[in-house]
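Everything below concerns the one structure shown next.
The values are calculated or read from the model by the stated rules, or taken from the named source; none is laboratory data. Keep in mind it's a predicted model, so treat the numbers as computed, not measured. As a convention, Cβ positions derive from the backbone with ideal geometry for all residues, glycine included, and neighbour counts pool all protein chains shown.
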Amino acid sequence: MANLQPLPAPGLAIAPQYITSNVLKIILKGQALSKTLTATTAEGIPLFTITGETFSSSHRRTVIDTSSNTTLFQIRKDGMGTKHYYAEVAENGPRLFTVDSKSSWTHRQRTAVRFANQADMRRSEESLEYIPVGFRDDGSFTWNGQLVVVVEKRFSLLTEYHLTIAPGLDPALVVGVMVAMVDQEKTRSSKSNASVVAATC
């Protein structure tokens, strides 16, 4: 297991009530014939349910606390491209976090996550950076150079990611960001496949 050190108090969060006090392993997994994702602990304890809408131009996803059936926030694609996503509690309300991706000829796609830290009374602006590992779909998130999340993609017919989260970090934030990144990857793959089909017709 990666050596994940605790974050300094008060931690990083968009929903401080979920901040983990220990290293937490979450399994984010898709459901057969459904746009629903589930996030559970490695022991199988349900944490979050993520639902999707078939006909949504913004690819809206809703993150729900499974135990209380409370809607936490919605994730949307910002604009026509696939590089920008955001989360909000209510439509056209303040943004909880943004997810912006960029790539170049020399680097694989990197992702920047920006949010106001709700665990801090000053609501300080914070950011996480996602860096992929080699040419695999694994990667990690860092905060000010500190490793805070390890991402491992499991090869499966369904979407499945194993997330190892450092103490002091909000798993709702991590799961929300991963939902945006999974949607981004699926959308990009669909467009790429469509281009290949068009080129061969």
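Within the stretch 141-159, the set of residues being among the aromatic types (F, W, Y) and more than 18 Å from S101 (Cα to Cα) comprises F155 only.
Rundown of residues vs (1) part of a helix (DSSP H, G or I); (2) modelled with pLDDT under 90, yes/no style:
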{"site": "E152", "(1), (2)": "no, no"}
{"site": "G176", "(1), (2)": "yes, no"}
{"site": "Q184", "(1), (2)": "yes, yes"}
{"site": "R188", "(1), (2)": "yes, yes"}
{"site": "A194", "(1), (2)": "yes, yes"}
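Applying the condition of being part of a strand (DSSP E or B) and polar (S, T, N, Q) to the stretch 30-47 and asking which residue is farthest from P167 (Cα to Cα) yields T38. Mind telling me which of the residues S68, S21 ends up being touching a residue at least 60 places away in the same chain (Cβ under 8 Å) and assigned to a loop (DSSP other than H, G, I, E, B)? From the options S68, S21, the qualifying one is S21. Pairs meeting the criteria (first residue in the stretch 152-165 and crowded, with 16+ Cβ neighbours inside 10 Å, second residue in a loop (DSSP other than H, G, I, E, B) and of a type in the set (G, A, S), beta carbons under 8 Å, at least 6 apart or on different chains) are H162/A42; T164/A2. Only one entry of I14, I27 meets the criterion of being part of a strand (DSSP E or B) and either of a type outside the set (D, E, K, R) or surrounded by 17 or more Cβ atoms within 10 Å (Cβ to Cβ) (or both), and that entry is I27.
Counting only residues that are modelled with pLDDT of 95 or more and over 16 Å from the mean Cα position of the chain (by Cα), which one in the stretch 69-88 is farthest from A112 (Cα to Cα)? Once the filter is applied, the top-ranked residue is N69. No other residue among I19, I50 is of a type in the set (V, I, T) and more than 18 Å from Y161 (Cβ to Cβ) apart from I19.
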